[in-house]
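Engineer: Here it is, the structure, as structure tokens.
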Amino acid sequence: MARIRVLVVDDHRIFAESLAAALAAEPDVDVSAAGSGPAALRALERAAAEGRGYDVLLVDAELGALTNGEPPAVPAPRQEEAAAVDGIALVAGVRTARPAVRSVVLAEKDDPRAAARALQAGASGWVAKDCSLQRLLSVIRGVLRDETHLPPALLTGVLRELTAARKHRTESERLVESLTPREREVLRCMVAGLGRKAVAERLFLSPHTVRTHMQNVLGKLGVHSTLAAVALARRAGVGPADAGTGQLGRDVVERGGQLAQ
């Protein structure tokens, strides 16, 4: 019998242990638990190195946001693990690093906006924490068949959120395309977190010229701060300047599901 390897990622110990025990009773499921995002990533790395990678990640939507004072499901072995990694960020990281692993988000409440963010990050499902074990097993098996699972009550709200996000992205792309090549270079430096002096050194320009370019970027994007410009650039798919080589790569913008360079 082919076994399904599941990793439960939740910082609520009682819930994580109860869910892991219930899943472990299934004859075709092997299950482990991790109490934080970093612990989950290490568990994924170890399993892959041992040739027995996980198939499905069950991730708490509120990972890293403990409010009831419970200790983590799995104690953090290293001090740096205190840095919180939220559930959706973990889904996005796993989707990039280990695309074969399917992620399902477990939530205490229906939230169309959060569910849409989870799907955009690469989740294959959004399930209520209080759903039945049979429902959860159905979702686990379904996502392994490349199905996407959402509660019916969330469908309309999620579609609305995804449509709005696409509209904002399209508008952001149009604004970014109005920039000159030099202004796009400056914007990418801004996305990389470089200040005016660092941008000037990077692009071999005077600080005064960089200031002018930055003002032009803000004006053309219709924003009033660097943070707002960076947020808009991110929505348009503009990545940061490449800090490793000292060269600025090409703009990459997602259009209609395709990457245009």
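The values are calculated or read from the model by the stated rules, or taken from the named source; none is laboratory data. Model, not experiment: these values are computed from the prediction. Positions of Cβ are generated from backbone atoms using ideal geometry, with glycine treated the same way; all protein chains shown enter the neighbour counts. Heavy atoms of the whole protein, side chains included, go into the accessibility calculation; ligands, DNA and RNA do not. Shrake-Rupley method; radii C 1.70, N 1.55, O 1.52, S 1.80 Å.
Engineer: Out of the residues in region 170-186 that are of a type in the set (V, I, T) and surrounded by fewer than 18 Cβ atoms within 10 Å (Cβ to Cβ), state the one that is farthest from M214 (Cα to Cα).
Structural biologist: Applying the filter and picking the extreme gives T170.
Engineer: Among the residues of region 150-169 satisfying the criterion of being open to solvent by less than 60 Å² (accessible area, probe 1.4 Å) and closer than 27 Å to G237 by Cβ, which is modelled with the highest pLDDT?
Structural biologist: For region 150-169, the residue satisfying everything is L150.
Engineer: Looking only at region 43-74, which residues are touching an Asp or Glu at 6+ places or on another chain (Cβ under 6 Å), of a type in the set (A, V, I, L, M, F, W, C) and modelled with pLDDT under 75?
Structural biologist: Just the residues of region 43-74 that are touching an Asp or Glu at 6+ places or on another chain (Cβ under 6 Å), to begin with: 60, 63-64, 66, 72-73.
Narrowing the set further to residues that are of a type in the set (A, V, I, L, M, F, W, C) leaves 63, 66, 73.
Within region 43-74, L66, A73 meet the criteria.
Engineer: Okay, moving on. For the structure I just gave you, tell me whether K129 is at pLDDT 80 or above and open to solvent by 80 Å² or more (accessible area, probe 1.4 Å).
Structural biologist: The answer is no for K129.
Engineer: Related question: Go through (1) open to solvent by 50 Å² or more (accessible area, probe 1.4 Å); (2) among the charged types (D, E, K, R); (3) modelled with pLDDT of 50 or more and name the single condition E80 misses.
Structural biologist: Just one mismatch for E80, condition (3).
Engineer: List the number of the failed condition for Q134; all other conditions in (1) under 27 Å from R98 (Cα atoms); (2) open to solvent by less than 80 Å² (accessible area, probe 1.4 Å) hold.
Structural biologist: (2)
Engineer: Let me ask something additional. Given the condition among the polar types (S, T, N, Q), within 14 Å of L90 (Cβ to Cβ) and open to solvent by less than 60 Å² (accessible area, probe 1.4 Å), answer yes or no: does some residue in region 24-39 qualify?
Structural biologist: yes
Engineer: Does V105 satisfy the criteria of being touching a helix residue (DSSP H, G or I) at 6+ places or on another chain (Cβ under 7 Å), open to solvent by less than 40 Å² (accessible area, probe 1.4 Å) and not charged (D, E, K, R)?
Structural biologist: Here the answer is yes, as V105 does meet what is asked.
Engineer: Keeping to region 3-38, report how many residues are under 17 Å from R102 (Cβ atoms) and part of a strand (DSSP E or B).
Structural biologist: Total satisfying the criteria: 11.
Engineer: Which is among the small types (G, A, S) and either under 27 Å from A22 (Cβ atoms) or over 22 Å from the mean Cα position of the chain (by Cα) (or both), of A192, A164, A118? Show your work before the answer.
Structural biologist: Details: A192 fails: either under 27 Å from A22 (Cβ atoms) or over 22 Å from the mean Cα position of the chain (by Cα) (or both); A164 fails: either under 27 Å from A22 (Cβ atoms) or over 22 Å from the mean Cα position of the chain (by Cα) (or both).
None of the others qualify; the one that does is A118.
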